[in-house]
Structure formats: C-alpha cells, structure tokens
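Novice: Just dropping this structure here.
The numbers here are math on the coordinates, done by the rules we state, and not lab data. All of these numbers come straight from a predicted model, not from anything done at the bench. So basically every Cβ, Gly included, is an ideal-geometry build from the backbone, and we count neighbours across all protein chains shown.
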Amino acid sequence: MKNNPLLNKFETPYNTPAFSKIKDADFLPAIKELMSQTKKVIENISNNTEAPTFKNSVEALEYCTLSLDNATAILFNLNYANTNETIQSIVMEVAPMLTSFANDVSLNKQLFEKIKKVYETRKTSKLSDIEQRLTQRCYEGFVRGGANLSDDKSKIYRQLTEELSSLTERFTQNVLAATNEYTLHITSEEELDGIPKTARQSAKEEAETKKLEGWIFTLQAQSFMPFMKYSTNRKLRHTIWQAYNSRSLGGKFDNQKNIKKIVELRLKIANVLGYKLYSDYVLEEHMAKSTETVNSFLNDLLEHSLPKAKQEIKEIEEYAKTLGFEDILEAWDFSYYSEKYKTEHYSLSDEMLKPYFKLENVVSGLFAIINKIYGIEFEKDDSIETYQKETIAYKVFDNKEVIAILYMDFFPRQSKSGGAWMTSFRELTIADGKKKIPLISVVCNFTKPTSKEPSLLTFNEVTTVFHEVGHALHGIFSTGIYPSISGTNVARDFVELPSQIMENWAIEREFLDNYAIHHKTGERIPDELIEKIINAKNFLSGYQSVRQLSFGITDMAWHTITTTPTESIVDFEKNASKRCILFPSNENSCLSTAFTHIFSGGYSAGYYSYKWAEVLEADAFSLFKEKGVTNRTIGDKFRKDILSKGDEKDAMELYIAFRGREPKIDALLQKTGLI
C-alpha cells in the first residue's frame, strides 16, 4: 500500500500526476485508504470539544478531502478520456462508495451542528467576506444534502442517492459502448460519392486499423458529420443518421429503463428534501432561481427563434427542389442540402475553410489572442507526463510565473467519450501557506491527421476549441483560497459565460488575419474569405437556436415530472419538444437515450444554461466590441471580476461588477439576427 503512487506525493514538476506509475489496480485500494483517512479527520472535527469556529470546523472540513478529491479526479477523468473495462468496473464500484461517503458527511448531525453555529454567527464573528461565503455555501450544502432530515428520511435519502450514482455511471458507459459498436462499412467506391478526400482517407485508415478492405465511418462526430454533409447517397445518410439518433434506444446498451429510474430517483430525492420538483431543487442555486423563470426564458426565446427557423427550413427545401429533390425534406437531408446552399449562396463551405485551419495554427493563434487580452503565455513542456501519448501539456505563465498546467487532448479514440469538455485534475489549492497550481484539461474529438494530411478543423471545431479553452481560463485564473468555491465551481447557468464569450474571438479579423494560414501554400486566408465567414455567421441561426432550445425544453420536461412517466421514452420526448420539431418525426429516433449532459453529466434541469449564458456573453462581449476586442483594460476587468472570482459572490453580483448593470437580451437577438 505504501508504494501506491496515489497515496504519495508525486515527485514531478508542479506535482502533476505521474501517469506512467499509476496502474489501474492502484485506484480502488488508494481511494478506500484515502476515504478511511478522511473519515478519521472528519470524526476528529466532529468530536472536537472546543467551541466551533470557522478554522476548526468549516475550513478544516474544506481541506480534509483534498487528497481524496485529487485521486478520484484522476480516476473519473480517465474514465471519460482514456477508459477501459477495468476502469469502468472500478468506477461502478467507487461511485456509490463516494456517494455513501458524501452522505456520511452531510447526514452527520454532530458535524452539522458545528457548521450551523459558525453559519449563524458568521456576520458577527469578524470573518472575512470569503470566509463568510464559504461558511454560507458549506451550510447550504449540508442542508441540500439532507442534514435537516429525520432519521427515517435520512435512510431513504441515502438509499436513493447511492442508487442514483450507479445508474448515472451506467448511462454513460452504455452511450460510449453504443457509439463504439456501430460502424458503416463501405466496400464500393461509388458509395463514397460527394465525400471529401480527407474524410475518405480517414475512413480508409479506420478500416485499416480493423484490418478490413474499403472504408469505415463511425458515429464519432469527425466521421459522422462529413458523411451527413457531403454524401450524395441518401439511403446511407439515412442509415447512419438513424444509428446516431437511436444510440442506446434498445439493444444490449439500452438506456430507456435507466432514464425512467434516474428521473424517478431524482424526483424522490427532491421530494424527501421538501421540493415539489427536481428542477426546483436544482435551480435554487442557479442564477435563474426557479422553474418558472427557466420555462419563461425558453418559451420567450423559442417565440423569437421559430419564425426564422421555419423560414430557413423552407428556403433549404425550396433550394433542394431546384437540384431535383422531389421527396419530403427529412432530418438526414438537411445537413447535405444546407451545406450545398451555403456553398452556393455564401461561396463558403467547410471544405473551403479547412485548409486554413490546421490544428496547430489554430491553437497558437488562440494562445496569441489570449496573450493580447490577458497577458499570459503558454509553453509546451514535454517533461510533464500525460495520460495518453497524443495529449500535450503546456505551462501557463503570468509575468514569468507558472500559474497553471494545461493538458490538451484533441483526437477521438474508442476509449474516449464523444464531445468536448474542460475538466481539472486539481483545483488551485492554497493550504498551510503552500500553493498548488491548478491542473486543467481540455478534451476534444477533432479529425485526426492522416498519413497525407494534418488535422484540419471545420470552423465549428475552431469555435469548439475556443469554447473549451474559455472554460480552462476560468480554472487557470482562479485566485480562490478554497477549492469548493473557486474556478468553475459556480452556478451552472453562469459557468458557460467564460466559454461562450471566448467563441467570439474565433470570428474576429485579428485572429483570422494572422493565424488562418493555408497548410500547403502558407498563404494567409484571403480577405474575401474572411468577409464570407462574417457574412455567414448567422446562417441557420434560427434553426440552431431552436435545436438548442429543444434540448433545454426536453431536459426541463424530464425534471419537472411529478410522477414517473408511463409512456415510452420516445413518446415522452416527442410530446415535450413538439413545438420545436422542424422535420417529419421519426419513430425510431431519440435524443434522451444518449443525452449524457442531463442524465450523467451534471446538466440536469440545467441545459438551458447554454442559452442563458448566450445572453450573458453577447451582452458582455458588446463591451469588448465598444472598447476594442483585444482591449487589455477590459480583459483585465473581465479576469478580475469574473474569471478569477469563482463562487466568491453571487453570480449576478459578479456580472454587475463587470458590466455595471444586469444583462440585457437585446445584444443576443441582434448578434444572431433574430431581430
């Protein structure tokens, strides 16, 4: 046990994880041991006969879980980014253990009484503002974790939460398995008609890895999306679309029963804690505050978005008819014909832009823009171990001081979940006068380089990396003493502000002029192409808005139930989102069964946050536009008032400190062309 690397200080630069020394078999014994050690510390805090103070109760509790948190962060991050069957089985065992441990803390009456006494005297005991905030959040966490429940209800709460933790992990594993299981194997070159050379080469190399002739397309976005946009074979487009949109809908990785059980358990948890709806429980801590506010927000935006979306669909359908399309326009036709429309009407397409967006150039350009706005620098450091050979580690400098380590993991693999996200292996930690810098990770699924081409990004992928690095800055710039209220540990509908505002710079001329360079010729992107990007920025903005709103509306429907739904998952989803349906419905498709964001990813009753944050970022970026998009003064203000503060104050207070007022929706409606 003493040789277990997870139980010892990593003798590495900046105490980064020594991934090469960590074996899968180390996780379970290490986490059990760290849990045991932490329980003993908590017992000491609980049994302390001295009068409870901030130092011996709230702060002591905050710091005592750090070693356990760091070990579990490594496990769960690997489970999403570089998993295997062993890690998955360990996670299934560890998840309920951690939930049980959390319950042991929040349901500890003796400990709660100490926290409560500190909370009740927080304003008269000369605590600093941040100490008062931590005390408040700690107390609220106990209450929301069942501290005020009777013994009988505590037992029920414990049982419900532990069962839920296992189910959400199972949900994630099913989606990953269902995504990996499907392949579209093509052996006739005629069936590749329309598909670009780079996508063909990737598909050919995918087949070669499986020792097959021909080409293999998968449900990974970098394979699926080019097929949907460019394949002239409508039947095959339908086939792969159907596979993507029915993941975990039936079969051996079915999530239908899991969904019903998850929402049932969440409702019961909310009810035990005194809430009518699970959404009421969740939103109490968000900027929106209530179910009514969120539903009103979503409905208001939908009213603004639907007319434009329907007009856009009509335009694409009429355009398709000019090309000889005589059928009803279905969901699996839309990407294909809208891409053709965009190419013809805007003289712009993904394939036209990709040669200018070599991954390495995009990243260096992004770093340069960040340097102008915030003054920090990034330096690749091969001496820092990574968990997978393709992952890159960077040191982040501010005035020659290393303030964070940033890992960047760009390419898909079967061991990685789909999508893109930011996470951390360690929050900024300042304890006993010692500082440990944050270890931040950005994970994406971009097109891999082939033997003939480097990794060339679509413009959507360019904005994705800007988005995720925006999240990373929220963790990098953290100055908080206490991890639980630092970095991205903020209200869910506030956490997307730093990421979504960062997307704006991807379309700014300064970035495009300097870093969009043709990977073969070395020529900078032509001015006329930049103009086309700018002119096309609101192409299908109504459709995209309705699509995002449909996800939020579906999420809210699942989390505002008062009884377990009796209808099928497909029917429930269809009824919930019927106002958002823009194409003929398909009986054998379903979003919910692969909707990891809300069923296992922390966005339950919170997916609306993406649209909510769009309002914030459009309003906030309008100040940058007014003062200069790389204005260092405004950048420093955004860093000081938003990025560095974490959850030290209420989110609206932080926003007002930056903007001077509450956000207005006008900037978003104008930016997206909805008014």
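Novice: What order do you get for D129, D513, D280 when you list them from fewest to most C-beta neighbours inside 10 Å?
Specialist: D129, D513, D280
Novice: Working out 0.36 nm times the residue gap between R632 and K310, then minus their Cα-Cα distance, what length gain in nm do you get to one decimal?
Specialist: Here the answer is 111.8 nm.
Novice: Let me ask something additional. Neighbouring Cβ atoms within 10 Å as the yardstick, rank C590, C64 fewest first. Mind dumping the intermediate values first?
Specialist: Working: C590 25, C64 18.
Exposure proxy ranking, most exposed first: C64, C590.
Novice: Quick check: residue separation of D432 and K276 times 0.36 nm, minus the Cα distance between them. What number comes out in nm?
Specialist: Details: separation 156, 0.36 × 156 = 56.16 nm, distance 4.31 nm.
My answer for the length gained is 51.9 nm.
Novice: So between E379 and S451, what do we pick up on full extension, going 0.36 nm a residue minus the alpha carbon distance?
Specialist: 23.2 nm
Novice: If each of R509 and S150 carries a label point 7 Å out from its Cα toward its Cβ, how far apart are those two points in nm?
Specialist: My value for the distance between the label points is 7.0 nm.
Novice: Quick one, which of (i) 41.8; (ii) 36.8; (iii) 29.8 is the actual mean projected area of the Cα convex hull in nm² calculated for this model?
Specialist: (iii)
Novice: Further question: HN-Hα J couplings of segment 54-70 from phi, Karplus 6.51/-1.76/1.60, θ = phi - 60°, integer Hz, Gly and Pro as x?
Specialist: 4, 5, 8, 10, 5, 5, 4, 5, 4, 7, 6, 9, 4, 5, 5, 4, 5
Novice: Under 5 Å between amide H atoms, partner at least 5 residues away or on a different chain: which partners does F425 have, H built in plane at 1.01 Å?
Specialist: Answer set, sorted by chain and number: L439, I440, S441.
Novice: Same structure, new question: Only helical DSSP H runs with n ≥ 4 go in: add -39500 (n - 2.57) per run for the chain, normalise by residue count and round the 222 nm mean residue ellipticity to 500 deg cm²/dmol. Spell out each step's value before the answer.
Specialist: Numbers: 28 runs with 367 residues, N = 675.
Value at 222 nm, helices only, nearest 500: -17500 deg cm²/dmol.
Novice: If you place +1 on the Cβ of every Lys and Arg, -1 on the Cβ of every Asp and Glu, and leave all else neutral, what size is the dipole of segment 248-381 about its Cα centre, to the nearest 20 Debye?
Specialist: With Lys and Arg at +1 and Asp and Glu at -1, about 580 debye.
Novice: Taking the Cα centre of the chain as origin, work out the dipole magnitude from +1 charges on Lys and Arg Cβ and -1 charges on Asp and Glu Cβ, in debye rounded to 20.
Specialist: Here the size comes out at about 1180 debye.
Novice: Let me ask another. Projecting each Cα onto the charge dipole of the chain (Lys/Arg +1, Asp/Glu -1 at the beta carbon, about the Cα centre), which of C590, M35, P307 comes out farthest on the positive side?
Specialist: About the Cα centre, the residue reaching furthest to the positive side is M35.
Novice: Using only Cα atoms, tell me the angle between helix 221-230 and the longest principal axis of the chain; keep it within 0 to 90° and round to the nearest 10.
Specialist: 30
Novice: Going down the list K2/K434; K308/K625; K340/K416; K627/K664; K204/K235; K211/K342, which pairs span over 29 Å between their C-alpha atoms?
Specialist: Where the Cα-Cα span goes over 29 Å, the pairs concerned are K340/K416; K211/K342.
Novice: So, one more: Return the FRET efficiency for the residue pair T563, E163: r is the Cβ-Cβ distance, R0 is 25 Å, and the value is rounded to the nearest 0.05.
Specialist: Values: r = 18 Å, r/R0 = 0.73.
Step by step, r from the Cβ atoms, then E = 0.85.
Novice: Tell me, what is the percent relative contact order of segment 250-310, built from C-alpha pairs under 8 Å that lie six or more residues apart?
Specialist: Averaging sequence separation for qualifying contacts and normalising by length gives 14 percent for segment 250-310.
Novice: How far apart, in nm, are two points set 7 Å out from the Cα along the Cα-to-Cβ line at K261 and at E360?
Specialist: 4.9
Novice: Could you give the distance between the Cα centres of segment 380-452 and segment 342-373, to the whole Å?
Specialist: 22
Novice: What are the ³J(HN,Hα) couplings of segment 619-632, residue after residue, when phi is run through the Karplus curve with 6.51, -1.76, 1.60 and θ = phi - 60°? Round to Hz, x for glycine and proline.
Specialist: 5, 5, 5, 4, 6, 4, 4, 5, 9, x, 5, 10, 5, 5
Novice: With angles folded into 0 to 90 degrees, how steeply does helix 129-144 sit against the dominant principal axis of the chain? Use alpha carbons for both and round to 10.
Specialist: 80
Novice: Another one. Assuming R0 = 30 Å, what is the FRET efficiency of I581 and N535, from their Cβ-Cβ distance, to the nearest 0.05?
Specialist: It comes out at approximately 0.55.
Novice: To continue, here is another question. If I model a spin label as a point 7 Å beyond the Cα along the Cα-Cβ vector, how far apart are those points for E662 and D327 in nm?
Specialist: 5.0
Novice: Farthest toward the dipole's positive end in segment 118-188, which of T124, L164, V175, given Cβ charges of +1 (Lys, Arg) and -1 (Asp, Glu) about the Cα centre?
Specialist: Comparing the listed Cα positions along the dipole, T124 ranks first.
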